[in-house]
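Inspection log for the structure reproduced underneath, given as structure tokens.
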Amino acid sequence: MQQYRNLLEQQCHQIDLQLSDAQYEQLLKYHALLIKWNKAFNLTAVRSPEEMISRHLIDSLSVLPYIDVKNLIDVGSGPGLPGIPLAICRPDLPVTLLDSNIKKSRFQFQAKAELGLDNVAVIHERVEKYHPETPFDGVISRAFASLQDMLHWTSHLCSDTGVFLAMKGMYPEQEIELLPESINLRQSIRLTVPGTDGERHLLMLGRT
């Protein structure tokens, strides 16, 4: 619908994101799928289509300028967030979506097929049981409760020189103080997400 297109364009401009017509169309197609499937499968607690744009699409795309990796795995991806919006806007980037919830993985498969996302792989598995042939350059998540949990559960997925990308709300000072000596905080970026309240941060962590 045109109102969703207008809102998406407006909020993308607010975060200085330039997208093609085709990318806007794919994002809106994904948005429509999310609305449709959410009614039956409860994929996200966000019900409002307008809120889905800001709290899911724009929140996911706010990290796009900082994704400087050759391949990316989105751990605990849920309905494909942030992985699918990132894959739409970076068709050159191989993105793997990992989730243990069968309903959410089915939705990911459907979205990949309907959107023709050749750069997306969907893995339905528990994170500790998934052992890729080669580790990833980037491990991203917006679902883990703490940095410690994220590092504990995803360490085997990240290459020695790779980066852990943790999407957080408020700056987690206590969690950062508790980081193991083998991990350092490379960068902390305060994100702007139009249409949402509260702080958003991207923490980039790497092995020392």
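Numbers for the structure displayed
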| quantity | calculated |
| --- | --- |
| In Hz, Karplus ³J(HN,Hα) per residue of the stretch 192-198 (6.51, -1.76, 1.60; θ = phi - 60°; x = Gly, Pro) | 9, 10, x, x, 10, 9, x |
| Accessible surface of the chain [probe 1.4 Å, protein heavy atoms]: carbon and sulfur percent | 48 percent |
| For the stretch 48-65, 3J(HN,Hα) per residue [Karplus equation, 6.51 cos²θ - 1.76 cosθ + 1.60, θ = phi - 60°, Hz, x = Gly/Pro] | 6, x, 5, 5, 4, 5, 6, 7, 10, 5, 5, 4, 5, 6, 5, 8, 3, x |
| Once exposed loop trypsin sites (Lys or Arg not before Pro) are cut out (DSSP; at most 13 other Cβ, 10 Å), longest piece of the chain | 127-208 |
| Nearest-0.05 FRET efficiency for M1 and A145, computed from C-beta distance (R0 30 Å) | 0.30 |
| 13 Å beta-carbon shell around Y130, net charge (K/R +1, D/E -1) | -3 |
| Estimated D of the stretch 99-208 in µm² per second, where Rh is the Kirkwood radius over Cα pairs and Stokes-Einstein applies at 37 °C, 0.692 mPa s | 212 µm²/s |
| Neighbour cut-off at most 16 other Cβ (10 Å), DSSP loop, GluC sites (Glu not before Pro), the stretch 50-134 | E125, E133 |
| Cross-link reach list, aspartates and glutamates versus K103, counting only Cα pairs under 15 Å and skipping chain neighbours closer than eight places | E125 |
| FRET efficiency estimate (nearest 0.05) - Cβ-Cβ, R90 to K129, R0 30 angstrom | 0.65 |
| Pairwise FRET efficiency - T192 versus A45, Cβ, R0 = 22 Å, nearest 0.05 | 0.45 |
| Loop-located GluC sites (Glu not before Pro) in the stretch 148-196, at most 11 other Cβ atoms within 10 Å (DSSP) | E181 |
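The values are calculated or read from the model by the stated rules, or taken from the named source; none is laboratory data. This one's a predicted model, so the numbers in the text were calculated from it and none came from an experiment. Cβ sites come from the backbone with ideal geometry, for glycine too, and all protein chains shown count toward neighbours. The area values use the complete protein model at the heavy-atom level, side chains included, leaving out ligands, DNA and RNA. Shrake-Rupley method; radii C 1.70, N 1.55, O 1.52, S 1.80 Å.
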